[in-house]
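Comments concern the structure below.
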Amino acid sequence: MGCHQIDKTRVGPPFAAVAERYAAGGQPMINYLANSIRNGGRGRWGAVPMPAQPQVTEQEATALATWILSLASPAK
């Protein structure tokens, strides 16, 4: 929670905004986010890059990505 919060911008975007952007993608987006957690990224949310988190296992990254996407608002 040092870089992200659920509903407020900190260093990176709020998890809820990530969920809204990627929720419709299903399992491919879970895989995409899990990969981003482990390997980092840049340019998707502005100038500040997301550092890689190699200490997070693939299974943990998948669980985190699944949880993040669960924060998306239900479709109306």
inquiry  = Tell me the carbon and sulfur percent of the accessible area for the chain, rounded to whole percent, probe radius 1.4 Å.
reply    = 58
query = For the chain, what's the relative contact order in percent, using C-alpha pairs closer than 8 Å and at least 6 residues apart?
reply = 33
query = Residues of the chain: accessible area per residue at 1.4 Å, in Å²?
reply = 67
query = What's the Cα-based Rg to Rh of the stretch 33-73, Rh via Kirkwood?
reply = 1.01
task = Go through Arg38, Arg44, Arg21 and list them by solvent-accessible area, largest first, probe radius 1.4 Å.
result = Arg21, Arg44, Arg38
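The values are calculated or read from the model by the stated rules, or taken from the named source; none is laboratory data. Just so it is clear, the model here is predicted, and its values are computed rather than measured. Keep in mind that these areas ignore ligands, DNA and RNA; they rest on the heavy atoms of the full protein, side chains included. Shrake-Rupley method; radii C 1.70, N 1.55, O 1.52, S 1.80 Å.
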